[in-house]
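The values are calculated or read from the model by the stated rules, or taken from the named source; none is laboratory data. The model shown is predicted, which means the values in this text are computed figures rather than measured ones. FYI the Cβ positions are ideal-geometry reconstructions off the backbone, even for glycines, and counts take in every protein chain you see. Remember, those area values only see protein heavy atoms, side chains included, never the ligands or the DNA or RNA. Shrake-Rupley method; radii C 1.70, N 1.55, O 1.52, S 1.80 Å.
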Amino acid sequence: MIGIIVCGHSSFASGIYSAYELIAGACDHLKTIDFTIDDSIAMLEKKMNQAIDSLNDCDDILFMVDLLQGTPYFCAIKVARQYPSKNIRVIAGTNLAMIIECSMARAIANDIDSLVDMIINTGKEQMVKY
């Protein structure tokens, strides 16, 4: 099973998961981490470690963060390096369609890298101009 950790600034993670639940229901092996104004970088890293530890039955873990080059992005990369026995990937620019696709496609994905490619394409396809 591929575990999912959604993280972002303020209530991005809990908010986007709330929208996910409205559309698709609850999701197993998915953790959310909000990076609030009261959190230090050390606190964020601790939350990320706790989320990874809670997904101990997942060999593969995907961090889905809000912004490229943001604090959650850099912390996820730093924390991922602390778990060499797990296949951990980090993607930025997460939107709701990507989370829906990820949660549904991870059961049939051949591996985490093919899943990442699939959901990045989904995210791009969801961006349109009218």
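Overview of results
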read-out: Hits in segment 61-84 - residues which are farther than 20 Å from residue 29 by Cα and acidic (Asp, Glu); value: none
read-out: Boolean, residue 122 is at pLDDT 95 or above, open to solvent by less than 40 Å² (accessible area, probe 1.4 Å), polar (S, T, N, Q) and assigned to a loop (DSSP other than H, G, I, E, B); value: no
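To keep it simple, each residue is scored yes or no on (1) of a type in the set (A, V, I, L, M, F, W, C); (2) within 17 Å of residue 112 (Cα to Cα); (3) in contact (Cβ under 8 Å) with a residue 60 or more places away in the chain.
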site: 17; (1), (2), (3): no, no, yes
site: 22; (1), (2), (3): yes, no, no
site: 32; (1), (2), (3): no, no, no
site: 37; (1), (2), (3): yes, no, no
site: 47; (1), (2), (3): no, no, no
site: 53; (1), (2), (3): no, no, no
site: 59; (1), (2), (3): no, yes, no
